[in-house]
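Engineer: Before I ask anything, let me first share the structure, which is written out below as structure tokens.
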Amino acid sequence: MRVPLEWLKEYVKIEATPEEIATKLTMGGLEVEGIEESDLGPVIDVYITPNRGDCLSMVGVAREVAALYGVPLHAPAPPPSSTEGPVSEQTSVTLDAPDLCPRYAARLVRGVKIGPSPAWMQARLEAAGQRAINNVVDVTNYVMLEMGQPLHAFDLDLLHEGRIVVRRALDGETILTLDGEQRVLGPNMLVIADGRRPVAIAGIMGGGDSEVSDATTNLLFESAHFNALSIRRTARALNLRTEASYRFERVVDPEGVRRAVDRACELLAAMGQPQAVEGAVDVYPEPQSPRALTLRIRRAAELLGMEIPSHMAADSLRALGFEVGTQSHGIEDALRVHVPSYRFDINIEEDLIEEVGRIHGYENIPETLPFGSTTQGGDSVQGRLITRMKRLLVECGLQEVITHSLTAAPTFDIGEEERYRVPVRNVLSTEVSGLRSSLVPTLLDVAQNNVRRGQHGLALFEIGRVWRNAGVEDGKLNPVEFVSVAGLVAGPLVEGGWQQGGKAPVADYYLLRGVLEKLFVGLEIDNVAFQRPENMSDQLQRFHPGRTSEILLAGHPTDGVLGEIHPRVATKLGLKERAYMFEISLAQVRRALPAEGPGYHVLSPFPGVSRDIAPRVLESVEFGMIAEAIRGANVDILEEFRITDLFRGAPIPEGTKSITVAFTFRASDHTLAEGEVTVALANIRSALEARCGATFAA
Amino acid sequence: MTDSEDSIQQLVLEAREAVQIAPSTTDLTAIETRYLGKKGSINELRRAIGSLPTEDRKTFGARINEVADTLAGLIDDRRNALQQEELHTRLASETIDVTLPGRPLPTARLHPLTQTSDRIKEVLTGMGFEFVDGPELEEYRYNFAALNYPEDHPAMDEQNSFFVTDEKLLRTQTTALQGRIMSERRPPFRIATIGRCFRYEAVDATHHHTFHQVDVFMVDEKISMSDLKGTLGTFARAMFGPETLVRFRPDFFPFVEPGVDYAIHWKNRWLELGGAGLIHPNILQAYGINTQKYSGFAFGLGVERTHMIQTGVNDLRLYLENDLRFLKQF
């Protein structure tokens, strides 16, 4: 809210500079966002938090300034009207919806001559950001800015039967509002009507048909209290926000209704316009009595962590408009406090403690550390696992990225994947139309963007939440959230050095598989296997059918996948290098973790024996079958084996390949004899011959 | 006698010269074999001892041994010298260009937001806070209702949210965890969480619809605003350095009372970091916690904001853009 200091100083006498006032207000709870110069001098721009509707006026801000500086507040005090008088014969107010409008006051002014308002008023309005219109409208705006109570002026002669009915709108009823829009109303909206039709949307905007114009001579001033929630819902439904609705949504002082309309009449008369018709119509069926609260001085000190003497607390509250008396609350020192009608935010003792604390100054709160029970700090189980995995993947040379959860639908998906996607309901932009169901599209997006920026050689990973729609129940989505782990490599993992002529090997399936194997070794997960999927399910449509594997952990299938990105997708994204990716849900990794840490087994003191063999097999025989056959030979002295060469070409016949396998044999209780090793190798050879059709060079 | 002494003298002369001009340890070994080997010149002389008169044999034998020792000494000296030379030659020939770059190995880092989160976790863990994860797709009641938001209050205007169903939305604040914790735990507790939040905002250098937030809260007996200030001060000094000061300014959040906005004084500036306050008694009471016995504080912090302050990054959008040139800077 824009507060011209010239205007503010009408209510509070202070000599401080604008900057000092700004700092004082900010540190007291009204944040000053800036100081501007205007024709009227400095204007401070105050941000009012949603709980402080009472500060959406010059007097409201002045009250804070007065309390913070400890100086008196001079609020305007127009001559109060009475409810007696001729006015009640000239108009009437019928309150058909007292739940939405607890109070409605009206006054009449006859014989007005519409013209410009005085220069001082126009200057203040303009400095506060309000355009001057004419003397009557300016008076209503002026009082709203001064006291916070929105007013409305009707042309009395345009009101049918010259009377006011406050009621809910009829379903489909329409009104032409001041902004020239024809608006369709509903039965939950409150309208101000005359004897025949709505003439204003209550608390939001007046109607064009009863608007004050140059021809107006007789006025009806409205000053009312409306239900905040109702105003808010109506304003939202109509997508119509005004200065009035903004204030009513934040609750306006119900006790200030009459004072505001009296102030408007006073100001108008002071401009040389006629005095108002004597008396006011004021329908207020259930006046509110002020809330009474107890403030314990000891309690305030305990919660604030600083002592505020009783008399200082009382002074602060009085300055803010509270009525304060002393009270003996048992043996404690306590204050009995009546809350002013404009402070809807003060409901409990803690609210009062905040008031006395902030006026006393939070800079006086010392720093202490909590004492009492010691608690065990630490990360969650899931958090620790994620940290371990991130470190292992970084060690492998994969850069961590963090991508968006809210995404556009991937452009490269065919068919079924889309049904797992969880759409966001209230969003228009396609960029953020739904929640990612996998990290594959977002990582590919990162790859694509970095390739466009000239990067080549990508190694990335992400651990983050994804969502999948687990089916629609009763027409409702059933989104399930889980953590996914995914990685991508494409092109060379490192820059080619000068020793390799600037060339480095390009990433392939086996590089990323090596990363995963290292990851799972690091997590102490045993029995890791990769196998060709039986069929390419929906989720696998993004992968190359010949270069994709499912991940098995601890001997069990998982939702994990490792493979090359389908050339159709890669082409669409403009990736020049083949891209390899894996994705697995964190829950599946967590399930495969060993229940206990690694045990210790005694190292054999006896030497191992190494031997190689090189079976030749048909191309169709995959290494998995060979490994299976070797394991199936059940050689108990076999410690480990690994493939050391894969050879095709002369002198090996076409359609076959030679695979060199290196074995280490060892016994735990003796040094192996040559004969034992020979027997073991013979067993392995015959297993390979029998199960893989292997032959051995003579 | 003289004849044989002459031939010995001659042998020593020859051998000495051969040793001295031997160009390599390999040549020297050949010379050693020629003179001192099994079939070498010295042994040839020894074989001649048998043909000498008995009285001369002893003297002659001693003479040969003396010569053999002399030769062995000469050869050892020469070998040492040659080995030194050869080592020098090898070292000289093996000189490399140490200014050429090293063999490239893969380099990678954690994302800067992870690095900042890890540091925040480290500091808060040391202060006894336990980290708990909450869902990003949160229930409406935990995100708003349980946090003392009045129905349809303007406060919610400030966090226009992404809804997925009537009950579920992307959480607008990690504070949503508080209700989840209080529904299952009794005080005392010290809890912290770090995670992703979402608000429907136009994206620019300082606003984003997606951001990361820390939420920290504790409930125990007699927890006060000064405990909050001290905890924030300790935390801020660990994060930003020992000179860092903390300041409170009154502010409004429905879930705290009193509510403040806290700022740190760092490098001669006051920087607003986030919201804080004492947990609103309505929330504690809603979860059956006796507010006359217990009180608690809560504070929030932006992860991006923390990293931006520490490093000078000036555009929030960079964090989720994942430009590798940006990520590799940290």
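Engineer: Could you tell me whether segment A:517-532 includes any residue that is in contact with an Asp or Glu (Cβ under 7 Å, 6 or more places away or on another chain) and either within 14 Å of chain B (Cβ to nearest Cβ) or closer than 29 Å to B:LEU324 by Cα (or both)?
Structural biologist: The answer is no, given that none of the residues of segment A:517-532 is in contact with an Asp or Glu (Cβ under 7 Å, 6 or more places away or on another chain) and either within 14 Å of chain B (Cβ to nearest Cβ) or closer than 29 Å to B:LEU324 by Cα (or both).
Engineer: Looking only at segment A:231-281, filter to residues that are more than 29 Å from A:GLY186 (Cβ to Cβ) and among the acidic types (Asp, Glu); which one of those is surrounded by the most Cβ atoms within 10 Å (Cβ to Cβ)?
Structural biologist: So the residue we want is A:ASP262.
Engineer: Shifting gears a bit: Given (1) more than 10 Å from chain A (Cβ to nearest Cβ); (2) modelled with pLDDT of 95 or more, identify the lone condition not met by B:TRP266.
Structural biologist: Failed condition: (2).
Engineer: Moving on to the next point. May I ask you to verify whether A:VAL191 is touching a residue at least 24 places away in the same chain (Cβ under 8 Å) and in contact with a helix residue (DSSP H, G or I) (Cβ under 9 Å, 6 or more places away or on another chain)? Please lay out each step first, then the result.
Structural biologist: Values: touching a residue at least 24 places away in the same chain (Cβ under 8 Å): yes; in contact with a helix residue (DSSP H, G or I) (Cβ under 9 Å, 6 or more places away or on another chain): no.
So A:VAL191 does not fit the description; no.
Engineer: Now a separate question. Which ones in segment A:442-475 are among the charged types (D, E, K, R), touching a strand residue (DSSP E or B) at 6+ places or on another chain (Cβ under 7 Å) and at the interface with another protein chain (Cβ under 8 Å from one of its Cβ atoms)?
Structural biologist: Scanning segment A:442-475 gives a single hit, A:ARG465.
Engineer: For the condition buried (at least 16 other Cβ atoms within 10 Å of the Cβ), modelled with pLDDT of 90 or more and hydroxyl-bearing (Ser, Thr, Tyr), what is the one hit in A:THR571, A:THR558?
Structural biologist: Criteria check complete, one pass: A:THR558.
Engineer: Can I ask one more? Filter segment A:154-165 down to residues that are surrounded by fewer than 24 Cβ atoms within 10 Å (Cβ to Cβ) and in contact (Cβ under 8 Å) with a residue 60 or more places away in the chain, then give me how many there are. It would help to see each step written out before you state the result.
Structural biologist: Here is the first cut: in segment A:154-165, the residues surrounded by fewer than 24 Cβ atoms within 10 Å (Cβ to Cβ) are A:155, A:157-163, A:165.
Narrowing the set further to residues that are in contact (Cβ under 8 Å) with a residue 60 or more places away in the chain leaves A:155, A:157, A:159, A:162-163, A:165.
Matching residues across segment A:154-165 total 6.
Engineer: Right, something else. Output yes when any residue across segment A:477-485 is touching a helix residue (DSSP H, G or I) at 6+ places or on another chain (Cβ under 7 Å) and part of a loop (DSSP other than H, G, I, E, B), and no when none is.
Structural biologist: Checking segment A:477-485: not a single residue is touching a helix residue (DSSP H, G or I) at 6+ places or on another chain (Cβ under 7 Å) and part of a loop (DSSP other than H, G, I, E, B).
Engineer: Of the conditions (1) away from every other protein chain (no Cβ under 12 Å); (2) over 29 Å from B:ILE191 (Cβ atoms), B:LEU105 clears all except one; give me its number.
Structural biologist: Evaluating B:LEU105 over (1) away from every other protein chain (no Cβ under 12 Å); (2) over 29 Å from B:ILE191 (Cβ atoms) leaves (1) as the failure.
Engineer: Let me ask something else about it. Would you pick out the residues in segment B:282-317 that are within 11 Å of chain A (Cβ to nearest Cβ) and free of Cβ contacts under 8 Å to residues at least 12 places away in the same chain?
Structural biologist: Answer for segment B:282-317, where residues must be within 11 Å of chain A (Cβ to nearest Cβ) and free of Cβ contacts under 8 Å to residues at least 12 places away in the same chain: B:GLN285, B:THR291, B:GLN292.
Engineer: Would you list the strands (runs of 3 or more DSSP E) that sit entirely within segment A:1-66 and hold 2 or more residues that are away from every other protein chain (no Cβ under 14 Å) and in contact (Cβ under 8 Å) with a residue 40 or more places away in the chain? Full working, then the answer.
Structural biologist: Details: elements: A:2-4, A:31-38, A:41-47.
Output list reads A:2-4, A:41-47.
Engineer: Restricting to segment A:359-386, name every residue that is out of contact with any strand residue (DSSP E or B) (no Cβ under 7 Å at 6 or more places or on another chain), more than 30 Å from A:ALA313 (Cβ to Cβ) and more than 7 Å from chain B (Cβ to nearest Cβ).
Structural biologist: Of everything in segment A:359-386, those that are out of contact with any strand residue (DSSP E or B) (no Cβ under 7 Å at 6 or more places or on another chain), more than 30 Å from A:ALA313 (Cβ to Cβ) and more than 7 Å from chain B (Cβ to nearest Cβ) turn out to be A:VAL381, A:ARG384, A:LEU385.
Engineer: If only one of B:PRO250, B:PRO258 is in contact (Cβ under 8 Å) with a residue 12 or more places away in the chain, facing chain A (nearest Cβ under 10 Å) and at negative phi, which one is it?
Structural biologist: B:PRO258
Engineer: From the list B:THR95, B:THR89, B:THR99, pick out the single residue that is away from every other protein chain (no Cβ under 14 Å) and loosely packed, with under 10 Cβ neighbours inside 10 Å.
Structural biologist: Going through B:THR95, B:THR89, B:THR99 in turn, the sole match is B:THR95.
Engineer: What is the residue count in segment A:330-358 for residues that are facing chain B (nearest Cβ under 7 Å) and of a type in the set (D, E, K, R)?
Structural biologist: Step one: list which residues in segment A:330-358 are facing chain B (nearest Cβ under 7 Å), which gives A:348, A:350-351, A:353-354, A:357-358.
Still in the running and of a type in the set (D, E, K, R): A:350-351, A:354, A:358.
Qualifying residue count for the region: 4.
Engineer: Do you know which residues across segment B:194-237 are under 27 Å from A:TYR362 (Cα atoms) and more than 9 Å from chain A (Cβ to nearest Cβ)? Reasoning before the result, please.
Structural biologist: Start the filter on segment B:194-237 by keeping residues that are under 27 Å from A:TYR362 (Cα atoms), which leaves B:213-237.
The answer is B:GLN213, B:VAL214, B:ASP215, B:VAL216, B:PHE217, B:VAL219, B:PHE235, B:ALA236, B:ARG237.
Engineer: Also, I was wondering about something else. Any residue at all in segment A:355-363 that's of a type in the set (Val, Ile, Thr), closer than 30 Å to B:ARG247 by Cα and crowded, with 18+ Cβ neighbours inside 10 Å?
Structural biologist: Initial filter on segment A:355-363 (of a type in the set (Val, Ile, Thr)): A:356, A:359.
Subset that is closer than 30 Å to B:ARG247 by Cα: A:356, A:359.
Narrowing further to those that are crowded, with 18+ Cβ neighbours inside 10 Å: A:356, A:359.
Yes, the conditions are met somewhere in segment A:355-363.
Engineer: Kindly indicate whether any position in segment A:300-310 is outside any loop (DSSP other than H, G, I, E, B), more than 8 Å from chain B (Cβ to nearest Cβ) and within 29 Å of B:PHE235 (Cβ to Cβ).
Structural biologist: The answer is yes, given that some residue of segment A:300-310 is outside any loop (DSSP other than H, G, I, E, B), more than 8 Å from chain B (Cβ to nearest Cβ) and within 29 Å of B:PHE235 (Cβ to Cβ).
Engineer: Suppose the filter is more than 16 Å from A:ALA106 (Cβ to Cβ), surrounded by fewer than 16 Cβ atoms within 10 Å (Cβ to Cβ), small (Gly, Ala, Ser) and under 38 Å from the mean Cα position of the chain (by Cα); does A:ALA228 pass it?
Structural biologist: no
The values are calculated or read from the model by the stated rules, or taken from the named source; none is laboratory data. Note that the structure is a prediction, hence the values are computed from the model and not measured. Backbone-built Cβ (ideal geometry, glycine too); neighbour counts: all protein chains shown.
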